[in-house]
Amino acid sequence: MKNVHSFSQAAGAACLGLMLSACAIMPASGPSTRSVNHSFGDKGSGSTIEIVDVTGPVTRQIQAADRPDQFVQDLGEGRSIGSMIGKGDVLDIAIWEAPPAALFGAARADPSLSSSGSTARGTAMPEQMVDSDGNITIPFVGTVRAAGQTPQEISREIVRRLIGKAHQPQAIVRLLRNAASNVTVVGDVVTSSRVPLTAKGERVLDVLAAAGGVKQAVNKTTVRITRGTQTSAMPLEAVIRDPRQNVILQPDDVMTVLFQPFSFVALGATGRNEEVPIEATGVTLAQALGRVSGLQDSRADVKGVFLFRLEKPDALSLERRDPAKLTPDGLIPVIYRINMKDPATFFIAQNFPIKDKDVLYVSNAPLADFQKFVSVVYSTVLPVAQTATAIK
């Protein structure tokens, strides 16, 4: 009997030890709400990570700082180049003069350029390539500046110089082969190529179509346009949705099509713990929660929803921005704290943006941890109690 009593005491001591250490050994998927708030919310802790409550003003400031590049604002609407001539272009030039032909003469006339029933004669010049100086040379006319001029401007200059030499001269200049006005398309397109521009004024989607279209899904594709030293990028889906962004491209523009699969990671007491792909145009917090099946009713702390992000400094207020420590990329580590118990949060969540590489974490509710504690104690005490009963 004494042995049984000793066994019961030892078992009780062991149970007590387990009970005291149960909280420390209980499994968890991450820090508790209290742990996050204590570690980062207390300025006296010396933390360099900012913790920010998600409110309407905070959301609006993030949206203002997160204005995506827009082609129409960064590059302008653009204008059709007309038939602007450039170096290397090949021109077709024909000159007419009324009879009696005083300069070119009927012997040099091209019958295909003469109108039926008309005595006017047309003379075809040899094809003219614009030289490296931007000029062409025409008999009896001399050197004519062509680069940066339209065919109509060149023809008027030719006629002006022929006055007094030819009898009522007329001239027509056509762009035969375009070597200067092109857009270079590279990246995730079917055919990387140089697409010639015409007087129509080719736009972003026109040039993409000429390159055979994109290889990847539209909502995972980004278009970057480089013009000189300026670069602007937009999701292809945004360009399709907003016709204003389908701007007219200019000569020597470089269009790079990029496959960029954006995603965020959901951890903790959410419906699913996984990496969730999102569109290049982004999603809202409400949409993100919906895609991971929301919060787990049995585990989640509705006051313990956190979003971990490397944020742009412009998205934070000055008092938070100044003392913050920047990463090598010039970003600030921020934890956004979301109180899902407040009904107003559901309206804010419809506008709060989720960005690429965000981490959405939902901590366990204190009651859920207590239930784990009880479960650990119960699973430990019950076998001991059964053993003690059996010994008696």
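The values are calculated or read from the model by the stated rules, or taken from the named source; none is laboratory data. Since the structure is predicted, the reported quantities are computational estimates derived from the model, not experimental observations. No Cβ is skipped: glycine too gets one built from the backbone with ideal geometry, and neighbour counts run over all protein chains shown.
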What are the residues in the stretch 167-195 that are in contact with a helix residue (DSSP H, G or I) (Cβ under 9 Å, 6 or more places away or on another chain) and surrounded by 15 or more Cβ atoms within 10 Å (Cβ to Cβ), if any? PRO169, GLN170, ALA171, ILE172, VAL173, LEU175, VAL183, VAL185, VAL189, SER193, VAL195
Within the stretch 143-158, can you find the residues that are touching a helix residue (DSSP H, G or I) at 6+ places or on another chain (Cβ under 8 Å) and either in a strand (DSSP E or B) or not assigned by TED's automatic domain parsing to the domain that holds TRP96 (or both)? VAL144, ARG145
Which one of these does VAL254 not meet: (1) more than 17 Å from PRO68 (Cα to Cα); (2) crowded, with 18+ Cβ neighbours inside 10 Å; (3) within 18 Å of the chain's Cα centre (by Cα); (4) among the aliphatic types (A, V, I, L, M)? (2)
Checked the stretch 120-158 for anything crowded, with 18+ Cβ neighbours inside 10 Å and either aromatic (Phe, Trp, Tyr) or over 49 Å from the mean Cα position of the chain (by Cα) (or both); matches are ARG121, GLY122, THR123, MET125, ILE138, VAL141
I want to confirm something. Restricting to the stretch 28-83 and keeping residues that are modelled with pLDDT under 80 and of a type in the set (D, E, K, R), which single residue is surrounded by the most Cβ atoms within 10 Å (Cβ to Cβ)? ASP69
Give the stretch 286-307 a look and list any residue that's in contact (Cβ under 8 Å) with a residue 40 or more places away in the chain and either among the aromatic types (Phe, Trp, Tyr) or touching a strand residue (DSSP E or B) at 6+ places or on another chain (Cβ under 6 Å) (or both), or say none. ALA288, VAL292, LEU295, ARG299, ALA300, ASP301, GLY304, VAL305, PHE306, LEU307
Is at least one residue of the stretch 169-186 part of a helix (DSSP H, G or I), within 27 Å of the chain's Cα centre (by Cα) and in the same structural domain as ASP253 (by TED's automatic domain parsing)? no
